[in-house]
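Just below is one structure, and these are the notes that go with it.
The values are calculated or read from the model by the stated rules, or taken from the named source; none is laboratory data. All values derive from a computational prediction rather than experimental measurement. Heads up, the Cβs are rebuilt from the backbone with ideal geometry, glycines too, and the neighbour counts pull from every protein chain shown.
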């Protein structure tokens, strides 16, 4: 995890809030450093983590985790981390002959084209119920008398992949809604999900997903590229939005903006225009 980001968010593994949905978003830059931060953050917080990794392999996250001081292999062996490798799971779905309740079962939806039955992704509605059941079973409390982990956490990287596979935004929003009801409300845990903002005004599904998740989220972290283009000393800017619903008409939201530079094992944050390299 990145200590400077913890300071900006006024949190730490020992006193993290519970029952929250955090939305991670990136636009014209790579926001994966936020995913790596929260993965190592909750593992160090001794939480039970279900990581739905749709973008990269386990070895990729494991190598980055080692730089941040956590071993994903050890966490998985001791039962703290449940890792769904979306890339490998997709291959298994298409080449396994036996019928099993795969988490990404929607990839094998049966449709008919010109009178011929074809196995392909369910392009419109989609069914993420098997994925929800996988998450629910992975994070359900253990039967032992004393809980081994503090609270459950779902981490998804990234939900935009589901749109690329042909699912509608409504299906993805329904999936997050049920995960929130189970994890945040029932089990008092947290949900963290990354969504890529394509910036395409005609991509209505992406806009629906982003807007829907933004209204549900307690915290939104948006990584953006610099309007001035590439800079070796400033890699982008991070917008931090705390959404605090109020009974009054006006929402009590708080919005902060920092620029950042990604280093080998850390990320440095500073006020806009206050980069040490510029000063």
**Q.** Flag if residue 193 is modelled with pLDDT of 90 or more and either surrounded by 15 or more Cβ atoms within 10 Å (Cβ to Cβ) or touching a strand residue (DSSP E or B) at 6+ places or on another chain (Cβ under 8 Å) (or both)
**A.** yes
Q.
Looking only at residues that are surrounded by 12 or more Cβ atoms within 10 Å (Cβ to Cβ) and modelled with pLDDT under 85 in the range 125-147, which one is farthest from residue 77 (Cα to Cα)?
A. 125
Q: Go through the range 1-35 and count every residue that is part of a helix (DSSP H, G or I), touching a helix residue (DSSP H, G or I) at 6+ places or on another chain (Cβ under 9 Å) and more than 25 Å from residue 63 (Cα to Cα).
A: 0
Q) Would a scan of the range 45-56 turn up a residue that is touching a strand residue (DSSP E or B) at 6+ places or on another chain (Cβ under 6 Å), outside any strand (DSSP E or B) and modelled with pLDDT under 95? A) yes
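For residues that are surrounded by fewer than 18 Cβ atoms within 10 Å (Cβ to Cβ) and either touching a helix residue (DSSP H, G or I) at 6+ places or on another chain (Cβ under 9 Å) or assigned to a strand (DSSP E or B) (or both), tally how many sit in the range 225-240.
Here the count works out to 2.
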Q) Does residue 171 fit the bill of being surrounded by 17 or more Cβ atoms within 10 Å (Cβ to Cβ) and more than 27 Å from residue 15 (Cβ to Cβ)? A) yes
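In the range 10-25, how many residues are surrounded by 14 or more Cβ atoms within 10 Å (Cβ to Cβ), touching a residue at least 24 places away in the same chain (Cβ under 8 Å) and out of contact with any strand residue (DSSP E or B) (no Cβ under 9 Å at 6 or more places or on another chain)?
To start, the set of residues in the range 10-25 that are surrounded by 14 or more Cβ atoms within 10 Å (Cβ to Cβ) comprises 11-13, 16, 18-25.
With touching a residue at least 24 places away in the same chain (Cβ under 8 Å) added as a condition, the list becomes 13, 16, 18-25.
Those left that are additionally out of contact with any strand residue (DSSP E or B) (no Cβ under 9 Å at 6 or more places or on another chain): 13.
Selection size over the range 10-25: 1.
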Q: State all residues of the range 180-190 that are surrounded by fewer than 24 Cβ atoms within 10 Å (Cβ to Cβ) and outside any helix (DSSP H, G or I); if no residue qualifies, say none.
A: 187, 188
